[in-house]
Amino acid sequence: MSAGAAGGPRVLLRRLREVMAEPESAQVRLDKLVRAIAANMVAEVCSIYLMRAGNVLELFATEGLNPEAVHKTRLKVGEGLVGTIADNATPLSLPEASSHPKFAYRPETGEEIYHSLLGVPILRAGHVAGVLVVQNRTMREYDEDEIEAMQTIAMVLAELVGQGQLVEAAEIRQTEYARKLPYRLDGQVLAEGIAQGIAVLHEPRVAVERLIAENPAEEQDRLALAIGALQKSIDDMMASGDMIAEGEHREVLETFRMFAHDKGWRARIQEAIKTGLTAEGAVERVQMETRARMIAITDPYLRERLNDLDDLANRLLRHLTGRADTASKDILPDDAILVARSMGPAELLDYDRTRLKAVVIEECSPTSHVAIVARALGIPLVGRTEGVLDRIDAGDAIIVDGDVGQIFVRPTADVLAAYGDAMAVKVQRRAEYAALRDMPAESLDGVSVSLMMNAGLTVDLPHLAETGAAGIGLFRTELQFMVSATMPRLAAQVELYGSVLDAAGDRPVIFRTLDIGGDKVLPYLVGPREENPALGWRAIRLTLDRPALLRYQLRALLMAAGGRPLSVMFPMVADVSELRAARGILERELSRLERLGQPRPSRLRVGTMFEVPALAFQLPALRPYVDFISIGSNDLFQFFFAVDRANPRMADRYDTLAPSMLRFLRQIVQECDAAGLPIGLCGEMAGRPLEAMALIGLGLRSISMQPGAIGPIKAMVRSLNVAELARYMDTLLTLPDRSLRGKLRNFALDHGVTI
Ligand code: PEP
Ligand code: MG
């Protein structure tokens with residue numbers, strides 16, 4: 001413990017326990033607690049703010065600030081430093097609080113004389129129930145130990161709040177009322193499909209009743225026993241016949257098992273026990289730290305690792321409290337829809353799959369381990385649904401539309417009816433799409449369009465046969481690297497690429513070399529922090545600087561092809577010289593193959609992504625070095641309009657169907673056609689019927705999209721007269737309109753095009 005704290009956390013915890021046990025009102029106990037905390041932390045001020053109805057934080061007790069301010073000073077969540085701590089649910093430590101942009105001076109408190117501030121959220125059942133703050137007159141830096149001590153105290157306070165004497169039950173009910181209204185939320189499609197059912201909350205919280213230890217040695221023993229039981233249960237799960245044998249989810253679960261044996265994690269819990277907590281209190285403390293770190297981390301790979309640790313901590317808590325269950329051990333309704341804040345891959349496998357119709361997870365992205373497992377199991381999953389758990393109770397009706405990424409909580413009768421109709425239409429549509437599976441993607445006037453699918457993991461491969469895709473137009477090889485804990489070895493790469501080619505059979509596959517860097521950081525490949533990662537050291541720029549990485553990947557691709565045709569494509573090429581350099585590395589690998597007497601691909605095609613506008617002015621120079629081009633419209637749009645594709649504020653500012661963007665695309669397509677260079681497109685535009693229609697109108701004849709879009713796009717193509725559309729589009733591209741979306745939609749409606 002730091003020099004700043006008197007007596008250390010164990011002394012304070014003991015004192016807190018005494019205060020908690022006194023037969024006084026909750027308010028009196030709170031007043032005593034702030035005094036004890038201020039004395040122990042050697043701080044002039046200690047204040048407790050609690051959350052009231054309407055997301056308002058109210059000062060409930062203070063030592064050091066003006067006592068008159070108690071129950072008067074109120075801050076909205078997000079307002080001032082206290083509101084910011086509640087909003088982010090993370091600690092804030094500031095040597096000079098008044099210079100923070102969020103500082104909000106409240107004259108009634110008299111706090112201007114205090115310079116430094118340390119505040120931590122009071123968390124209960126995963127929600128912010130208040131904020132605990134200490135302040136000092138001097139400008140001081142609070143150290144790690146002090147922040148940890150404050151978090152431990154906040155846990156104990158959360159218990160007091162939970163007793164319901166401080167904020168009245170009536171007020172809690174008032175917030176409950178708002179929770180009961182119907183609610184619609186947009187999320188992200190992570191596994192396709194639609195379902196309607198009853199909400200089951202994944203994590204009925206394990207209530208830790210005893211936080212303060214009587215006998216630390218005994219707690220260390222309890223921890224050791226529980227960790228042993230946890231490791232055994234995971235080993236058993238991995239060995240069970242129920243597990244699907246192959247695919248990335250296996251690798252993902254192996255990583256999970258590795259964590260359960262991690263010594264660093266165990267040591268952190270042991271340390272927390274030494275500060276005076278019980279074993280379960282210590283696990284919760286470490287878990288809270290992990291969650292706080294999770295909020296701050298944007299790197300998807302690291303977030304996923306922390307997510308796994310959260311899953312493990314929950315399991316460990318269940319072992320310690322003897323309540324070894326999530327909702328997976330309850331009897332599920334027949335149409336269960338699982339709702340979770342976050343979830344590990346192993347946890348999903350605990351559920352009875354015959355009753356599980358869909359999953360909603362607040363914190364989840366396409367490379368989340370649980371998403372990979374859900375796709376392998378064919379369970380619809382919608383992610384990035386922040387706040388859903390604040391609005392839902394177990395047993396509520398819920399609709400999950402995993403085709404468009406929407407969820408409806410407690411839908412009203414009309415929504416239910418409308419959705420019932422829409423679902424019936426979807427079911428019917430899906431049957432129609434399935435019937436189209438083996439039909440050609442040919443327009444009314446006889447133009448054939450090649451509809452390919454995008455993929456990245458083995459779990460995507462069954463979609464080839466299900467959708468009748470013409471091939472894989474984009475295989476994102478970086479996904480294998482992103483789900484692995486260590487750099488995938490040559491053999492693992494060969495195995496994956498080989499299985500993709502096996503699954504595709506005669507259908508073409510375009511492998512894109514590693515598109516990492518930017519925000520796709522791999523922990524085993526760290527570069528410097530960048531101001532503008534999207535414009536930085538990524539994709540081909542990175543692999544040309546780390547040629548061994550590219551060489552091994554190309555070697556793996558050539559070995560996997562083993563004499564079959566092979567198409568390789570390089571991402572983010574901005575200059576012909578980059579492509580020539582990459583080709584040089586490929587040539588070396590081909591020579592090596594020859595030296596070893598191994599077969600060359602029967603046909604080798606080399607292509608480039610077209611994502612950087614500069615490439616548009618190098619097409620003649622590029623021509624001798626490429627066999628095809630694929631437009632990456634996601635990145636191209638971002639660089640064309642200078643608009644960050646991940647910034648939600650900019651999401652509606654420009655449109656991919658702007659005349660300028662479409663003219664640009666048409667120019668590229670026409671130039672490539674004239675040069676006899678095959679060109680396709682593999683960004684998200686390809687999977688949206690209206691956008692895909694426009695692309696075909698511009699002259700594109702090969703597009704690659706997410707598997708679920710193949711059916712709808714084929715239906716669109718088969719109802720379209722391409723010549724008529726092309727003539728119409730010629731009249732549109734010089735208009736001053738911001739977007740041609742409305743005009744194109746009207747064209748589709750007037751001409752009976754299925755969009
Ligand atoms: C693109 O940029 O359009 C593309 C297909 O690549 P990614 O989305 O993987 O960046
Ligand atoms: Mg891209």
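No value in this document is a laboratory result; all are computed from the given coordinates. Note that the structure is predicted; figures quoted are calculated from it, not measured. Here the Cβ is made from the backbone with ideal geometry for all residues, glycine too, and neighbour counts use every protein chain on show.
For TYR183, the residues whose amide H sits under 5 Å from its own are VAL409, ignoring neighbours fewer than 5 places away on the same chain, with H placed 1.01 Å from N. Computed from phi, the 3J(HN,Hα) profile of the stretch 612-617 under the Karplus parametrisation 6.51, -1.76, 1.60 (θ = phi - 60°) reads 10, x, 3, 5, 4, 9 Hz, with x in place of Gly and Pro. With the helix formula -39500 (n - 2.57) applied to DSSP H stretches of n ≥ 4, the chain reaches a computed 222 nm mean residue ellipticity of -14000 deg cm²/dmol.
Given THR62, ILE113, THR84, which one lies farthest toward the positive end of the charge dipole of the stretch 3-172, if we put +1 on the Cβ of every Lys and Arg and -1 on the Cβ of every Asp and Glu? Result: THR62, furthest along the dipole toward the positive end.
Between ALA581, LEU604, MET559, the Cα set farthest toward the positive side of the dipole of the stretch 535-626 (charges on each charged residue's Cβ, about the Cα centre) is that of MET559. Site pair ALA723 and ASP330 shows an inter-label distance of 6.3 nm when each label is modelled 7 Å from Cα along Cα→Cβ. One chain, two ends: VAL415 and ALA614. Fully extended at 0.36 nm per residue, the span grows by 66.8 nm beyond their Cα-Cα distance. Each of ARG507 and MET258 was given a label point 7 Å from its Cα along the Cα-to-Cβ line. The distance between the two points is 3.2 nm.
When only the Cβ of Lys, Arg, Asp and Glu is charged (+1, +1, -1, -1), the dipole of the chain relative to its Cα centre reaches about 1520 debye. With each label modelled as a point 7 angstrom along the Cα→C-beta vector, the ASP350-ALA642 pair spans 5.1 nm.
How charged is the neighbourhood of GLY187? Take every other residue with its Cβ under 15 Å from the Cβ of GLY187, and add Lys/Arg as +1 and Asp/Glu as -1. Local net charge: -4. Lysine pair count for the chain (Cα-Cα distance under 30 Å; residues 8 or more apart in sequence or on different chains): 24.
With a cut-off of 15 Å between beta carbons, the residues surrounding LEU550 carry a summed charge of +4, where Lys and Arg count +1 and Asp and Glu -1.
What length, rounded to one decimal in nm, is gained on full extension from GLU271 through to ARG583, with 0.36 nm per residue of separation minus their alpha-carbon distance?
Gain on stretching GLU271 to ARG583: 107.0 nm.
Rounded to the nearest 20 Debye, what is the dipole magnitude of the stretch 78-131 about its Cα centre when Lys and Arg each give +1 and Asp and Glu each give -1 at the C-beta? Display every interim value, and only then the final one.
Working: 3 positive and 6 negative charges, 44 e Å.
The dipole of the stretch 78-131 has a size of about 220 debye.
Amide H to amide H distances under 5 Å link GLY456 with ARG476, where only residues 5 or more positions off or on other chains count and H is placed in the peptide plane.
Considering only LEU622, LEU230, ALA149, and ranking their Cα positions along the charge dipole of the chain that arises from unit charges at the beta-carbon of Lys, Arg, Asp and Glu, the one farthest toward the positive end is LEU622. For the stretch 357-465, rounded, prolate or oblate, judged on the Cα gyration tensor with a ≥ b ≥ c (square roots of eigenvalues), a/c < 1.5 rounded, else prolate if a/b > b/c? Oblate shape, in that a/c is at least 1.5 and b/c is the bigger or equal ratio.
Compared with the alpha-carbon gap, the fully stretched path from ASP737 to GLN188 is longer by 194.7 nm at 0.36 nm per residue. What you get for the stretch 45-95, charging only the Cβ of Lys and Arg (+1) and of Asp and Glu (-1), is a dipole of about 120 debye around the Cα centre.
Each Lys or Arg adds one and each Asp or Glu takes one away; over the other residues whose Cβ falls under 10 Å from the Cβ of SER567, this sums to +2. In the chain, the longest principal axis of the Cα atoms and the axis of helix 576-595 are about 80 degrees apart. Residues whose amide H falls under 5 Å from that of ALA129, counting only those 5 or more places apart or on a different chain, are ILE122, LEU123, ARG124, with hydrogens built in the peptide plane.
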